[in-house]
Amino acid sequence: MAKKLKVEKIIDRLVHLFLPWHTNNQKARLIHPQIIILFVIKLVVFQVILQFIPSSGLKILGYAANIAPDEVVRITNEKRVEAGLLPLEMNPTLAQAAQAKGADMLNNNYWAHVSPDGTQPWSFFINSGYSYRYAGENLARDFTNPVSAVDAWMASPTHKDNLLSANYREIGIAVIEGDLDGVDTTIIVQFFGTKYTDTVPSVPIAEGQPASTEAPQVSISPTPVPVAVTFPSPSPTSSLVAAETPVAEAGPVGGRVLISPFSTTKGVSLVVVGLLLNVLVFDGLITRRRRIARIGGRTFAHLSFLGMIMAIVLILKAGQVI
Amino acid sequence: MKKIIKDLPHYLSLAGILAAGIIGFMVFSYERVFLIAVAIGLALAYVAWGIIHHAIHRDLYLSVVVEYIVVASLGLVVILSLIFQA
């Protein structure tokens, strides 16, 4: 008897939450403004917790990526060929420079073209021994595969200009995994360049002038001509991985199971919005069938708005490019 | 359904707002500032739509406005959380 009462109580509670009933003023409790506000507060608290996990020392957040530098080069060259340009050649010195840039970002905990101490990207070209005529840099982080990273660069006009510039002949890629702001992150550094010696016209000896041994002009001021340096203008401890090998394996990294903050947020958002959409559908159908008149917003409008939110949640992808 | 057909201009404008939101997110993917602007714009436009729609129907009450604000806030928090975690 007591068990039956308990089951009835649970059923009543579920009806109260999910369906319009006399106990909830003919409107499913889950879609009452007070309850939706609770969802909003809980989502905000959840985000705050996600932000505080890294500072608490728990290393469970991160992006499990599987990005091979060779793949980034291949896809980049595919885009160039499609645009009628010559493919770029992989240059080990440029890859070394890119790796140095990635290491610098992780060691000094920044995510930008110019380091906090003012080091410009092309310093890494020079320090690695790459004398350039033209140089460029694209950066990406938190992508799970090379296709989405290159697609993101192609979607941004400034990065696309770099990627499809006819000035460049060589490319160097570094894919580096490490802690950035306490979150395990995968950074892709894409360096483009053309060696100074490749573009200096040879002077006929007959003219009696010595062959040019002049060092390339290196400047950290904006774009001297003809030496060009371009990177898209906006917006700890590291583990470096050789440019020839994929860096971060999908799944557990170094014995730790990583949780992607983006994927977790996306999952939670889909559950919350999906739940409210379902309750709204049933609530709308039942109130229409029972011809219940009530003061409130239009169910169809809420359904459309939350449907759009659901679509946006599905459209949004992880990853940043600068 | 009859109600929706009767108010077709209202719902067409709502569809326009929502379609603009989705297109904005597709076009400005990876442009964080634009995405934030589109998300805030969408939430404000939805609340404005709700107020205008109910005002025309002469059933605009404080509880109705609060309901639209709450639903828009939920959408905004969901989208902003994802933008900042991306």
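The values are calculated or read from the model by the stated rules, or taken from the named source; none is laboratory data. Everything numeric here is computed off the predicted structure, so don't read it as measured data. Cβ placement follows ideal geometry from the backbone for every residue including glycine, while neighbour counts extend to all protein chains displayed. Keep in mind that these areas ignore ligands, DNA and RNA; they rest on the heavy atoms of the full protein, side chains included. Shrake-Rupley method; radii C 1.70, N 1.55, O 1.52, S 1.80 Å.
Filter the stretch A:271-304 down to residues that are under 26 Å from the mean Cα position of the chain (by Cα) and open to solvent by less than 30 Å² (accessible area, probe 1.4 Å) and give me whichever is farthest from the other protein chains (Cβ to nearest Cβ). It comes out as A:Gly274.
Here A:Leu94 fulfils each of the conditions (1) closer than 19 Å to A:Thr194 by Cα; (2) out of contact with any strand residue (DSSP E or B) (no Cβ under 8 Å at 6 or more places or on another chain) apart from (2). Looking only at the stretch A:307-322, residues that are open to solvent by less than 40 Å² (accessible area, probe 1.4 Å), more than 7 Å from chain B (Cβ to nearest Cβ) and closer than 23 Å to A:Thr264 by Cβ come to 1 in all.
Taking the criterion of being open to solvent by 40 Å² or more (accessible area, probe 1.4 Å) and within 16 Å of A:Ile176 (Cα to Cα), the residues of the stretch A:103-123 that qualify are A:Asn107, A:Asn108, A:Asn109, A:Trp111.
Residues in the stretch B:1-14 that are open to solvent by less than 80 Å² (accessible area, probe 1.4 Å), more than 16 Å from the chain's Cα centre (by Cα) and more than 8 Å from chain A (Cβ to nearest Cβ): B:Asp7 only. Does B:Arg58 satisfy being open to solvent by 30 Å² or more (accessible area, probe 1.4 Å), among the charged types (D, E, K, R) and more than 10 Å from chain A (Cβ to nearest Cβ)? Spelling it out, B:Arg58 is indeed open to solvent by 30 Å² or more (accessible area, probe 1.4 Å), among the charged types (D, E, K, R) and more than 10 Å from chain A (Cβ to nearest Cβ). For beta carbons closer than 7 Å, sequence separation of 6+ or different chains, a first residue in the stretch A:154-169 that is more than 10 Å from chain B (Cβ to nearest Cβ) and a second that is small (Gly, Ala, Ser) and part of a loop (DSSP other than H, G, I, E, B), the qualifying pairs are A:Thr158/A:Ser233; A:Leu164/A:Ala83. Of the residues B:Ile36, B:Ile17, B:Ile69, the single one that is part of a helix (DSSP H, G or I) and either open to solvent by 70 Å² or more (accessible area, probe 1.4 Å) or at pLDDT below 90 (or both) is B:Ile69. Put simply, of A:Asn66, A:Asn24 the only residue that is of a type outside the set (D, E, K, R) and either surrounded by fewer than 17 Cβ atoms within 10 Å (Cβ to Cβ) or modelled with pLDDT of 90 or more (or both) is A:Asn66.
So that you can scan it fast, the table gives a plain yes or no per residue for (1) assigned to a helix (DSSP H, G or I); (2) over 19 Å from B:Ser29 (Cα atoms):
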| residue | (1), (2) |
| --- | --- |
| A:Leu85 | no, yes |
| A:Gln99 | yes, yes |
| A:Ser115 | no, yes |
| A:Met154 | yes, no |
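Screening the candidates B:Ser63, B:Ser81, B:Ser73 for the property of being at the interface with chain A (Cβ under 8 Å from one of its Cβ atoms) and more than 30 Å from A:Asp142 (Cβ to Cβ) yields one hit, B:Ser63. Inspection of the stretch A:173-180 identifies no residue that is on the phi > 0 side of the Ramachandran plot and open to solvent by 10 Å² or more (accessible area, probe 1.4 Å). Among the residues of the stretch A:246-257, is any modelled with pLDDT of 60 or more and open to solvent by 60 Å² or more (accessible area, probe 1.4 Å)? No: the stretch A:246-257 contains no residue that is modelled with pLDDT of 60 or more and open to solvent by 60 Å² or more (accessible area, probe 1.4 Å). Would you be able to tell me the number of residues in the stretch A:124-148 that are open to solvent by less than 10 Å² (accessible area, probe 1.4 Å), on the phi < 0 side of the Ramachandran plot and within 14 Å of chain B (Cβ to nearest Cβ)? Total satisfying the criteria: 4.
Whether a residue is of a type in the set (Phe, Trp, Tyr), open to solvent by 10 Å² or more (accessible area, probe 1.4 Å) and either within 21 Å of A:Ala68 (Cα to Cα) or not in a loop (DSSP other than H, G, I, E, B) (or both) was assessed, and A:Tyr168 does not pass this test.
Does at least one position in the stretch B:51-70 carry a residue that is in contact with a Pro (Cβ under 8 Å, 6 or more places away or on another chain) and aliphatic (A, V, I, L, M)? Among the residues of the stretch B:51-70, at least one is in contact with a Pro (Cβ under 8 Å, 6 or more places away or on another chain) and aliphatic (A, V, I, L, M), which makes the answer yes.
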